[in-house]
Amino acid sequence: MAGSTLGTLFCTTTFGESHGPAIGAVVDGCPPGMELSAEDLQHDLDRRRPGTSRHVTQRQEPDQVEILSGVFEGKTTGTPIALLIRNTDQRSQDYQSILDTFRPGHADYTYQQKYGLRDPRGGGRSSARLTAPVVAAAGIAKKWLKEHYQIEFMGYMTQLGEMAILFEGTEHIHQNPFFAANASMISQMEEYMDSLRKAGDSCGAKIFVKATNMPVGIGSPIFDKLDAAIAFAMMGINAVKGVEIGSGFESVTQRGSVHGDEMTPTGFKTNHAGGVLGGISTGQDLEVSIAIKPTSSILMPKESMNLQGQPVVVQTKGRHDPCVGIRATPIAEAMLALVVMDHLLLHRAQCADVHSLTPIIPAQQP
């Protein structure tokens with residue numbers, strides 16, 4: 001399927017369907033000589049996998065990744081790295097009732113119109129299950145970027161439905177099922193999700209993600225801007241309907257006297273630009289927020305139509321996330337890592353010999 005590959009020099013191509021025998025990715029362009037094992041990729045897959053709390057889909061998938069090629073004697077060879085994740089807990093019978101109908105808010109209708117047929121089992125190719133191989137592929141990029149440039153990625157949920165989540169500290173992110181940088185609101189969030197699930201409804205979420213220790217100069221002008229590539233990749237995540245770089249839509253209400261990040265010999269005073277100016281990294285943290293829509297598969301009946309164009313009422317059964325944003329943080333981190341990796345390799349290919357006389361501004365004030 002066209003549109004299944006991301007990247008220019010570091011290319012990730014995913015394959016598979018939600019209820020097929022397996023899903024996976026082929027990563028082409030990883031530099032040779034890096035030590036790599038399946039264990040290096042498993043940590044983030046475990047963070048993303050389903051069934052980890054009562055607030056997400058109860059589909060039980062171990063998401064154990066296998067490396068099929070591109071690694072010899074524990075090191076990358078520079079050739080394509082094939083990653084495989086086997087599906088083990090499909091329940092395709094849950095989707096028998098929608099073979100002839102279209103679920104509102106899903107890709108059923110558009111896939112049918114474009115291809116003349118569709119795989120209705122769990123959404124087939126349009127399922128968020130396909131983010132698992134993306135997370136695995138990004139594990140390769142994360143390791144290389146950490147080893148060569150000390151670049152690291154982290155993210156957390158900043159809003160759950162109507163509920164804004166107060167930032168209390170990054171140490172809390174891995175201590176709750178929401179990836180929230182908060183400890184005091186967790187019980188409130190759990191009650192909110194319990195009531196939503198009982199009502200058979202769903203909600204959206206907002207996720208913040210950033211890359212730290214970024215070098216200056218990554219990205220290109222006009223159509224290959226770093227922030228444009230980030231927005232493109234983030235919109236490739238299932239259910240994402242909005243992307244902000246830095247202050248994002250808040251920039252509308254800011255004055256120029258506030259939004260422009262002042263520079264001093266000791267560092268930038270602010271980071272409203274999100275670490276990108278003119279499409280090129282400033283050396284500050286890359287800061288990105290994404291808006292995730294409510295899950296379309298809900299128990300509440302909704303009007304739709306069938307393949308014959310007749311009106312029907314659809315009620316989606318099966319195992320679904322009442323908020324897909326709960327598991328989205330490692331996915332957003334993965335997409336940001338893939339973009340940074342690709343653009344850093346592009347920068348290295350064109351500008352590795354450039355030595356500017358302009359002093360480097362520290363990323364932030366000490």
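Assorted remarks:
- Leading residue by the ranking (nearest to LYS206 (Cα to Cα)) among those in the range 326-366 that are in a loop (DSSP other than H, G, I, E, B) and of a type in the set (Val, Ile, Thr): ILE361
- Residues in the range 285-313 that are modelled with pLDDT under 95 and either within 29 Å of ALA138 (Cα to Cα) or part of a helix (DSSP H, G or I) (or both): PRO294, THR295, SER296, SER297.
Residue-by-condition table, conditions (1) over 28 Å from ASP321 (Cβ atoms); (2) of a type in the set (S, T, N, Q); (3) touching a residue at least 12 places away in the same chain (Cβ under 8 Å):
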| position | (1), (2), (3) |
| --- | --- |
| ASP224 | yes, no, yes |
| ALA239 | no, no, yes |
| GLU244 | no, no, yes |
| SER247 | yes, yes, yes |
| GLY256 | yes, no, no |
| ASP261 | yes, no, yes |
| PRO265 | yes, no, yes |
| PHE268 | yes, no, yes |
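- Index of the failed condition, ALA205 passing every other in (1) over 29 Å from GLN150 (Cα atoms); (2) out of contact with any Ser or Thr (no Cβ under 9 Å at 6 or more places or on another chain); (3) at pLDDT 95 or above: (2)
- SER202 vs. criteria more than 26 Å from PRO359 (Cα to Cα) and in a loop (DSSP other than H, G, I, E, B): yes
- With respect to the conditions (1) closer than 18 Å to ALA233 by Cα; (2) in contact with a strand residue (DSSP E or B) (Cβ under 7 Å, 6 or more places away or on another chain), PRO311 falls short on a single one, namely (1).
- Residue list for the range 215-229, filter: within 11 Å of THR282 (Cα to Cα) and either among the charged types (D, E, K, R) or surrounded by fewer than 20 Cβ atoms within 10 Å (Cβ to Cβ) (or both): PRO215, VAL216, GLY217
- Across the range 228-247, the number of residues qualifying as among the small types (Gly, Ala, Ser) and outside any loop (DSSP other than H, G, I, E, B) comes to 5.
- Boolean, VAL339 is in contact with a strand residue (DSSP E or B) (Cβ under 7 Å, 6 or more places away or on another chain), surrounded by 14 or more Cβ atoms within 10 Å (Cβ to Cβ) and of a type in the set (Val, Ile, Thr): no
- When each of THR316, THR282, THR264 is tested for being at pLDDT 95 or above and polar (S, T, N, Q), the lone residue that passes is THR282.
- One residue stands out among those in the range 33-64 that are more than 18 Å from the chain's Cα centre (by Cα) and modelled with pLDDT of 95 or more: the one that is surrounded by the most Cβ atoms within 10 Å (Cβ to Cβ), which is LEU36.
- Residue match in the range 97-105 (condition: among the polar types (S, T, N, Q), in contact with a Leu (Cβ under 8 Å, 6 or more places away or on another chain) and surrounded by fewer than 16 Cβ atoms within 10 Å (Cβ to Cβ)): no
- Residues that are in contact with a strand residue (DSSP E or B) (Cβ under 8 Å, 6 or more places away or on another chain) and of a type outside the set (Gly, Ala, Ser) within the range 251-279 comprise ASP261, GLU262, PHE268, LYS269, ASN271, VAL276, listed in sequence order.
- Any hit, the range 113-132, residues being within 18 Å of LEU45 (Cβ to Cβ), of a type in the set (Lys, Arg) and surrounded by 13 or more Cβ atoms within 10 Å (Cβ to Cβ): yes
- Residue count for the range 164-196 under the criterion of being touching a Phe, Trp or Tyr at 6+ places or on another chain (Cβ under 6 Å) and farther than 15 Å from ARG327 by Cβ: the result is 1.
- The condition (being closer than 28 Å to LEU41 by Cβ, modelled with pLDDT under 95 and among the hydrophobic types (A, V, I, L, M, F, W, C)) is satisfied by just one residue among ALA180, ALA239, ALA211: ALA239.
- Among the criteria (1) surrounded by 15 or more Cβ atoms within 10 Å (Cβ to Cβ); (2) over 24 Å from ARG49 (Cα atoms), the one ALA180 does not fulfil is (2).
- Scanning the range 10-21 for residues that are within 20 Å of the chain's Cα centre (by Cα) and not charged (D, E, K, R), we see that the one that is surrounded by the most Cβ atoms within 10 Å (Cβ to Cβ) is THR12.
- Looking only at the range 22-32, residues that are part of a strand (DSSP E or B) and either within 17 Å of the chain's Cα centre (by Cα) or not charged (D, E, K, R) (or both) come to 6 in all.
- Hits in the range 167-221 - residues which are of a type in the set (Val, Ile, Thr) and out of contact with any helix residue (DSSP H, G or I) (no Cβ under 9 Å at 6 or more places or on another chain): THR170, THR212, VAL216
The values are calculated or read from the model by the stated rules, or taken from the named source; none is laboratory data. Just so you know, these numbers come straight off a predicted model, no measurement behind them. In this analysis, Cβ positions are derived from the backbone assuming ideal geometry, glycine residues included, and neighbour counts consider all displayed protein chains.
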